Amino acid sequence: MALNKTPFHLGMEIRRILLKEVGDIAISVLDTQCEKMGIKPNSIEVSHLTTLSGLITNAIKPTIGYDRATKVGKEIQKYKVLAELEELKMPKSEYEAKRQINALVNMGNICITIGEWDEALDYYRKALNNIKNMKYPVKEGEIYRQIGHIYKRRSSWDDAVKNFMKGMLLARQISDHMGLSDAERGLGYVNWRRGRYDEAMVHFEKSLEYAKKIGRDDTIGTTLIEFGLVHSDIGKLDDAINYYHDSIEYLVRAKEYHQVARAYNNLGDTYLQREEYPKAVEYFQKCIEYGEKIKHDMMIAWGLFNTAEAQAKSGKPDEAIKNCEKAIPILEKLDDRIGLYAVHRNLGVAHKVKKNWEEAEENFKKSQKVVDELNSPFNIAHLYFEWGHLYKEKGDKKKAKEIFTKAIDIFDKLGAEKFSERTQKALDTL
């Protein structure tokens, strides 16, 4: 991105960003926020951008939601960082060289926030190249961890592990407990997604230990959610519920409302596994409530499609289908592949309840297409569990047995005893 940092040009660029996201009210939003700062839209300086981006983000959140408003704010902040990079194009000292690296990392972090992962990787790699000739382990460790998070989101597990390990080694050299907690949590997440639950817990426990050393309520709360995920997957539901409730205490205190929504969503999922459907819906609605409070589209979508599963399994398939259909465009916009896997699985369940066999089969196939790319064995087994019930109810015992057996094999390998037992019971009724 080339930079023209004249006040007129900056004003025009911010108008362009706003027009794309909020349409006709863009000029009014910009005028109002500039007025609060005592400046004119055609006299915006680079030094104004940090404050202005924050004001604009808060002003448009109620209209377009948390995710899109955050993206607008970060796109505006890009111009400040680009100006800094231009100024530091030829650093004359180690101090300026470190400022340049910091700016490159800031650009990478901004790009992650707005979903530009390839661009983020480019900035991080430039920073790594520039850091070769100096000692800057705290920043180098951060870069490797951020690259790990990108690969984690893309389900590129091996690449994620490689970068988290590099980040962890660098953090250990300088006793960076925040960095160590982050790296351990990233490694725990990858192992959880791969179904390696014992390894996941080792990493999550280390992450929690470091988080407690630095007294970060937000990090403690988030890590307790990860504890709950592992215990939920292996069928220790009472433990999972306790971890989620504990996490909420920390996260509310830290005002981390996105993670509060996530904890409520996971509580709903745990009660779903216990087949306590009204309680599950109650917690999914709390997830949606917090998602709406901060205009967080992903949490709203997850609350919707998980509510749908509870509705379908409690005999309300039409309501379930409506909620899934509300969630799909949000998930597609966010490119949330785990969410898309789950929403099509749940649509399959709802159509199965209605005995719409073809529609159910079609949605299970869509779900499988997504999950096959994710290398997430637990989710594949969960899909097979639901798919087996489709064939069972259709009267195709041979196909049902084949699918249930696949699910049991995966659950057994993962050590997910409760899920294996539940699937075996279904198989025994054939």
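The values are calculated or read from the model by the stated rules, or taken from the named source; none is laboratory data. All figures in this text were calculated on a predicted structure; none of them were measured in a lab. Note that we place each Cβ from the backbone using ideal geometry, even for glycine, and neighbour counts take in every protein chain shown.
If you filter region 287-316 down to residues that are crowded, with 24+ Cβ neighbours inside 10 Å and among the polar types (S, T, N, Q), you find that the one that is farthest from Asp269 (Cα to Cα) is Gln311. Looking across region 67-121 at every residue that is touching a helix residue (DSSP H, G or I) at 6+ places or on another chain (Cβ under 6 Å) and small (Gly, Ala, Ser), the one that is nearest to Val46 (Cα to Cα) is identified as Ala83. A single member of Gly195, Gly228, Gly221 is within 29 Å of Arg274 (Cβ to Cβ), touching a Phe, Trp or Tyr at 6+ places or on another chain (Cβ under 6 Å) and not in a helix (DSSP H, G or I), and it is Gly195. The number of residues in region 196-207 that are surrounded by fewer than 23 Cβ atoms within 10 Å (Cβ to Cβ) and farther than 17 Å from Arg145 by Cβ comes to 7.
Considering every residue within region 379-399, establish whether at least one is of a type in the set (A, V, I, L, M), modelled with pLDDT under 95, under 27 Å from Arg196 (Cα atoms) and not assigned by TED's automatic domain parsing to the domain that holds Lys236. Scanning region 379-399 turns up at least one residue that is of a type in the set (A, V, I, L, M), modelled with pLDDT under 95, under 27 Å from Arg196 (Cα atoms) and not assigned by TED's automatic domain parsing to the domain that holds Lys236. If you go through region 389-423 and pick out every residue that is closer than 16 Å to Gln273 by Cβ, part of a helix (DSSP H, G or I) and not hydroxyl-bearing (Ser, Thr, Tyr), you end up with 9. Figure legend. Inter-residue proximity from region 337-366: first residues within 24 Å of Arg154 (Cβ to Cβ) and of a type in the set (Val, Ile, Thr), second residues surrounded by fewer than 24 Cβ atoms within 10 Å (Cβ to Cβ) and at pLDDT 95 or above, beta-carbon distance below 8 Å, spacing 6+ or different chains. Indicated pairs: Val343/Ile328. A single entry from Ile101, Ile60 fulfils the requirement of being in a helix (DSSP H, G or I), within 27 Å of the chain's Cα centre (by Cα), of a type in the set (Val, Ile, Thr) and not assigned by TED's automatic domain parsing to the domain that holds Asn129: Ile60.
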